[in-house]
Every structure is written in C-alpha cells, then in structure tokens.
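Quick notes on the structure that follows.
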Amino acid sequence: MTTAPDCFIPIDLHTTPAERLAILRKLIDDAHARGVLDTIADAIARHTTTQRERATVALDLVQRMGFVPDPDGREVFQDVLCTVLAGGDCEDLAAALVTLLEALGVPARLVWFDQPGALNHVTTVANIDGRDEWAEASIQGAAHGENPYAAATRLDSEKHIRRVTPPATT
C-alpha cells in the first residue's frame, strides 16, 4: 500500500530563486520515481507521433488542471500528484508539465521570472526538435511556443503574470 504524499510543502520567503527551483526539481524527480504521470504519458504517446504533438497535448492537459492560488496567502509548493488531482499555482503546474513532458521524452525545464513589484512567476520551456519553446501551464489557452507575457495579454490573464514596465529613460 502506498502512502499519500504531503500535498503542501511550506516555502520560506527568504529562499532564493535557485533554491526554490531546486525544491521543484526534487518534486519532479520524486514524481518520476513514483511513476505519477507514466500512464498518462503512455496514453499521449500512443495517440501522437511527434514531440510537438506530445508537448501540445501535455500543455493542454496541464492547463485544464486549473490555476489554484496558494492557500491562506502562504507560499507553498505542491506534490505533483496533488497538482494533477486538484490544480495548483504557476510553479505547481509548471512542475507537473515538466514531469509529463519528461515522461514523454521531451526535454523540459523550469524558468523563474523575477517580477519586481509583482508576484514572481515560474513557467516551462520545452525543447522541441532542438529548439527551446515556451509552454505556459498556468494560463489556460496559452499556445505552445507563445511567450507567457503575450499569452497573459492576449487572454487577459494578467492575474497570474504581470509585465513590469521599466521606467522611461530620458
């Protein structure tokens, strides 16, 4: 009998972006070790032929998990299985997407956006046929390859990601 994962992992607000990305990488590696998304990856692989098709289906699936803010205004990361079952915020969905893409054989990585004056953001880059392409998991309807800021603007979803405009130079 397997035990249920602890869904919420509290994050100290003083951790650096590199430390936060390392925590997320561990969650991804733990999910791979448990085979959390293997069945889903196998089903996607049976019905697609190219990396691009697989990445597009995976992105759509993870976006449909839904954006759910962290509870009680705390910063927490979520186990990948919990995200699959209940949705999550940007870093949770990005970690689920990287897990699924890697299970499909598509190289992927997390990318941290430092947004002064706004919440920071985590998204995904997938390497399709040797080319890095955006894969924004937290904005439903963001297209594979679409810049996250462009998707947020196009879909009026700037609650998840905000572009901070630098002051004009004189």
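The values are calculated or read from the model by the stated rules, or taken from the named source; none is laboratory data. These numbers come from a predicted model, not from an experiment. In this analysis, Cβ positions are derived from the backbone assuming ideal geometry, glycine residues included, and neighbour counts consider all displayed protein chains. SASA here: full protein model, heavy atoms, side chains in, ligands and nucleic acids out. Shrake-Rupley method; radii C 1.70, N 1.55, O 1.52, S 1.80 Å.
State whether the residues of the range 125-139 include one that is over 27 Å from ASP6 (Cα atoms) and in a helix (DSSP H, G or I).
no
Okay, residues lined up against (1) of a type in the set (A, V, I, L, M); (2) open to solvent by less than 80 Å² (accessible area, probe 1.4 Å); (3) without any contact (Cβ under 8 Å) to a residue 40 or more places away in the chain; (4) in a loop (DSSP other than H, G, I, E, B):
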position: ASP6; (1), (2), (3), (4): no, no, no, yes
position: ILE9; (1), (2), (3), (4): yes, yes, no, no
position: LEU24; (1), (2), (3), (4): yes, yes, no, no
position: ILE28; (1), (2), (3), (4): yes, yes, no, no
position: ALA31; (1), (2), (3), (4): yes, yes, no, no
position: ASP42; (1), (2), (3), (4): no, no, yes, no
position: ALA45; (1), (2), (3), (4): yes, yes, no, no
position: THR49; (1), (2), (3), (4): no, no, yes, yes
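Mind checking whether some residue in the range 90-101 is open to solvent by 60 Å² or more (accessible area, probe 1.4 Å) and either polar (S, T, N, Q) or assigned to a loop (DSSP other than H, G, I, E, B) (or both)?
The initial filter retains those residues of the range 90-101 that are open to solvent by 60 Å² or more (accessible area, probe 1.4 Å), namely none.
The answer is no, given that none of the residues of the range 90-101 is open to solvent by 60 Å² or more (accessible area, probe 1.4 Å) and either polar (S, T, N, Q) or assigned to a loop (DSSP other than H, G, I, E, B) (or both).
Kindly indicate which of ASP114, ASP92 is touching a helix residue (DSSP H, G or I) at 6+ places or on another chain (Cβ under 6 Å) and under 24 Å from HIS14 (Cβ atoms).
ASP92
Quick one: in the range 122-148, of everything that is at pLDDT below 95 and of a type in the set (Asp, Glu), which residue is farthest from LEU59 (Cα to Cα)?
Per the stated criteria, the residue is ASP129.
Kindly indicate whether any position in the range 54-66 is among the aliphatic types (A, V, I, L, M) and surrounded by fewer than 17 Cβ atoms within 10 Å (Cβ to Cβ).
No, every residue in the range 54-66 fails to be among the aliphatic types (A, V, I, L, M) and surrounded by fewer than 17 Cβ atoms within 10 Å (Cβ to Cβ).
How many residues does the range 27-85 hold that are farther than 19 Å from ALA137 by Cα, aliphatic (A, V, I, L, M) and either at pLDDT 95 or above or touching a Pro at 6+ places or on another chain (Cβ under 9 Å) (or both)?
2
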